[in-house]
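Novice: What follows is a structure written as structure tokens; I'll ask about it next.
The values are calculated or read from the model by the stated rules, or taken from the named source; none is laboratory data. All values derive from a computational prediction rather than experimental measurement. Every residue, glycine among them, receives a Cβ derived from its backbone with ideal geometry; neighbour counts consider all protein chains shown. Please note that ligands, DNA and RNA were not included when accessible areas were found on the heavy atoms of the full protein model with its side chains. Shrake-Rupley method; radii C 1.70, N 1.55, O 1.52, S 1.80 Å.
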Amino acid sequence: MFLNDNNNTNGYNHHQPPSPPPPGMLQTHSHHDRARRGTRRSRASASTSNSIVRVSDTEQQPPPPPPPPQDQQQQQPNRSPCTDYDMAYFHSYAHLGIHQEMIKDRVRTETYREAIMRHQDSIAGKVVVDVGCGTGILSIFCAQAGAKRVYAVDASDIALQANEVVKANNLSDVIIVLHGRVEDVEIDEEVDVIISEWMGYMLLYESMLGSVITARDRWLKPGGLIFPSSATLYMAPVTHTDRYSDSVDFWRNVYGIDMSAMLSLAKQCAFEEPSVETITGENVLTWPHVVKYLDSYNVTISELESVTSKFKFNSMMRAPLHGFAFWFDVEFNVPTVAPTSVIESHQVNGSLRKRRTNPSETLVLSTAPEDPPTHWQQTLVYFYDPIELEQDQVIEGLVTLTQSKENARFMNIHLEYT
């Protein structure tokens, strides 16, 4: 399945719809120009300034210093350039509606608050960095938990409003809002805690985890705390007859008129891009497979450039296979001795499953189909035509997720199956 590369697409942009891909191979390029929680605003209107501002000092802020000489710039490690795509991304998060949607996601927001309060002993009296602070709500939760100082960092103009929220809640002596990229701002001390809500659709869309890694490598003390402490991406084959019927079969008989000539185009429009939508556990045909486990303490930026996983499923029922669903969960754990993996893999019905070592002590934010819905929903990659499955039939193949070379915040999905 080949997506065209035009931005803001969700439908066809060719005079003739492409032929369906050969059975068993999908190539999906997720290059639509939109943020994970809303449509992007015009990139042309995005600011192109790279200056760093401590928002609480903006009234007395002198002009930013000139950039360092070229040879000094080249000596700075892990300072990725800020591209036009980055500026458009940051600009999209200046829109309040995106933040309102996130905050209204009670599963998301209340899990973060519970994680902070449950581990208050690890936060009270400590220095915290909030990566991508948005409106500042997680920074305020940390201040309420007794943090000594919180650096709230955001490259979007929402940082200006976050600083007003901080002042309105009389927390300016605790929370310092920094308007700039984590890669560029300066914090003149090591920090004890990093907190961030970095997850995008399908976990890795938006590629914000790289900024968390940069903050970790620049400022986190040895033995420091990172929330979330780990993340796991899952996939599973799904059946979704109602969705297929609504998008495709509808055209077979429209008010008594045969419009089946629209079927090829309907499939392209409905299924050429990954679809973010909510399914239930009843749509899932097998146990899920772990595509990628990420340990926040050890993951590297280069590790995120390409993720490949082989899968093998055994269908638990006879049903049409309409595609694959992806979802994730994140965990909030305090490392006991040293940061280590808190999961182990084992085989269940031919698929990798995750077993937590201390499930009663683990706080999990899940976007799984069987759990309460979140604004992330699930990400589905649909086939143009369903495949009839028998019970216990084996589905195997591999999936590769790669960052777009043009814009690392976008993701390419390569899926092979038999």
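Novice: Roll a 1.4 angstrom probe over the protein heavy atoms and tell me the percent of accessible area of the range 111-196 that is carbon or sulfur.
Specialist: Of all accessible area on the range 111-196, carbon and sulfur atoms account for 43 percent.
Novice: What are the trypsin sites (Lys or Arg not before Pro) within the range 355-415 that DSSP puts in a loop, where the Cβ has at most 11 other Cβ atoms within 10 Å?
Specialist: Listed in order of number, the matching sites are Lys405.
Novice: Same structure, new question: At 7 Å along the Cα-to-beta-carbon direction for both Lys104 and Ser80, put a label point, then send me their distance in nm to one decimal.
Specialist: 3.1
Novice: Can you tell me which aspartates and glutamates have their Cα less than 19 Å from the Cα of Lys310? Leave out same-chain residues fewer than eight positions away.
Specialist: Correct list for Lys310: Glu344, Asp392, Glu396, Glu416.
Novice: Using a 1.4 angstrom probe, figure out how much accessible area the range 197-302 has per residue, in square angstrom, rounded to the nearest whole.
Specialist: 37
Novice: Past 23 Å, Cα to Cα: identify those pairs from Lys126/Lys221; Lys312/Lys405; Lys126/Lys167, in the order given.
Specialist: Lys312/Lys405
Novice: Please give the length that would be gained between Tyr255 and Glu390 if that part of the chain were fully extended, namely 0.36 nm times their separation in residues minus their C-alpha to C-alpha distance (nm, one decimal).
Specialist: Length difference between fully extended and current span is 45.2 nm.
Novice: With every protein chain left in place, what is the accessible area per residue of the range 133-183 in square angstrom, probe 1.4 Å?
Specialist: Normalised by residue count, the accessible surface of the range 133-183 is 34 Å².
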